[in-house]
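Student: Structure incoming, see below.
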Amino acid sequence: MNDTPIIETRDLTIRFGGHIAVNELNLKIETNKVKAIIGPNGAGKTTFFNLITGAYKASKGHVYLNGEDITALDPADRCKKGIGRSFQLTNIFPTLTCLENVRLAIQARENIGMDFWNHFHKYPELEDEAYEILKQVLMDSKWANEANALSHGEQRKLEIAMLLALGSDVLMLDEPTAGMSIEEVPAILDVIKEIKALGDKTIVLVEHKFDMIMAISDTIAVLQEGRLIANDVPDKVRNNEQVMAAYLGGGVKNNE
């Protein structure tokens, strides 16, 4: 059995002038599990994501993917190796259909020439796969809809479908429910549960909805001022006094 974590950071640090946003962070993320990254505003959560995906270069320390040091790789090369990332704002092609958005991600994965203007029927070998991926994120009924006609929650599901189409082994989801209505949140939770149930993807997410984090995470890492203050299963994090004091507050144990 291979016990190598899919992602590992060692002494990962980044400084912006005199400010240390991530401070000697050592963290292991298990393969095909859901890892949540939480913490108060300014704790370094999105900065940590940027370091993992290569958007920021570390001032110190290393990032490993399946035991390989990827610290020097740029974002495109990290994506090719299997790290896919969604952002707080959706990143889709708004005037294309859902199927075309997913098909273009498949083309990128397969190094097939990107043609935004050809109808998807010119790529029959990719159409079925794109449709199956849309089914996986519970969006198959919207396959012919233009992305700009979708609700915000549906656009987030489409973005996750595009990450799956890229063949990403690691899905980095930065606040996947940001900007959603309360009614839309359960649909994203269902999508994440669906992906988790398949057992072949690692999901790393930043999210502020604590009940959602508790429901879907295998383990939770808590950051405070760029440092890791807790890293454990949900129940232990919920009952960690240091976490309560730093981030959650006593009243969050039942709901937030």
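Student: Highest first, please rank the peptides 192-200, 52-60 by the mean number of other Cβ atoms sitting within 10 Å of their residues.
Tutor: The most tightly packed comes first, giving 52-60, 192-200.
Student: Using alpha-carbon positions, what is the distance between the centroids of the stretch 46-72 and the stretch 125-153, in Å?
Tutor: If you average the Cα positions of each part, the centres end up 31 Å apart.
Student: Here are some pairs, Lys28/Lys135; Lys45/Lys193; Lys57/Lys80; Lys28/Lys236; Lys135/Lys236; Lys81/Lys157; which of them have Cα atoms lying more than 29 Å apart in this structure?
Tutor: As for pairs spanning more than 29 Å Cα to Cα, those are Lys28/Lys135; Lys135/Lys236.
Student: Continuing with this model, one more query. How long are the semi-axes of the equivalent ellipsoid of the stretch 133-256, taking √(5λ) for every eigenvalue λ of the Cα gyration tensor, in whole Å from largest down?
Tutor: The three semi-axes for the stretch 133-256 are 29, 16, 12 Å.
Student: Could you compute the net charge surrounding Lys142? Neighbours are other residues with a C-beta less than 10 Å from the C-beta of Lys142; K and R count +1, D and E count -1.
Tutor: -2
Student: Okay, moving on. From the helices alone, meaning DSSP H stretches of at least four residues, give me the mean residue ellipticity at 222 nm for the chain, per-run term -39500 (n - 2.57), in deg cm²/dmol to the nearest 500.
Tutor: Counting only the DSSP helices, I get -9500 deg cm²/dmol.
Student: Of the accessible area of the chain, with the probe set at 1.4 angstrom, what percent is carbon plus sulfur?
Tutor: 48
Student: State the antiparallel share, in %, of DSSP beta bridges confined to the chain, rounding to the nearest 5.
Tutor: 55
Student: Remind me, what semi-axes does the stretch 1-112 give for its equivalent ellipsoid, largest first in whole Å, using sqrt of 5 times each Cα gyration tensor eigenvalue?
Tutor: 27, 18, 14
Student: Excluding ligands, DNA and RNA, what is the solvent-accessible area per residue of the stretch 116-245 at a probe of 1.4 Å, expressed in Å²?
Tutor: Result: 45 Å² per residue.
Student: Charges only on Cβ, +1 for Lys and Arg, -1 for Asp and Glu: so what's the dipole of the stretch 122-224 about the Cα centre, in debye to the nearest 20?
Tutor: Roughly 160 debye, rounded to the nearest 20.
Student: For the chain, what Kirkwood radius comes out of the mean inverse Cα-Cα distance, in Å?
Tutor: 18.9
Student: Continuing with the same structure: Cα extents of the stretch 166-216 along the three principal axes, largest first, in whole Å?
Tutor: 29, 19, 18 Å, listed from the longest principal axis down.
Student: Give me the extension gain from Glu225 to Ala144: residue separation times 0.36 nm, minus the current Cα-Cα distance, reported in nm with one decimal.
Tutor: Between Glu225 and Ala144, full extension yields 24.7 nm more.
Student: How many nm is it between the label spots at Asp3 and Lys236, if each spot is 7 Å from the Cα in line with the beta carbon?
Tutor: 1.5
Student: Additional query: What does the charge add up to near Leu166, with Lys and Arg as +1, Asp and Glu as -1, over the other residues with Cβ less than 13 Å from its Cβ?
Tutor: Summing Lys and Arg as +1 and Asp and Glu as -1 gives +3.
The values are calculated or read from the model by the stated rules, or taken from the named source; none is laboratory data. Worth saying up front: this structure is predicted, and the values here are computed from it rather than measured. Neighbour counts run over all protein chains shown; Cβ positions are idealised from the backbone, glycine included. Accessible surface is based on the protein model in full, side chains and every heavy atom, while ligands, DNA and RNA are left aside. Shrake-Rupley method; radii C 1.70, N 1.55, O 1.52, S 1.80 Å.
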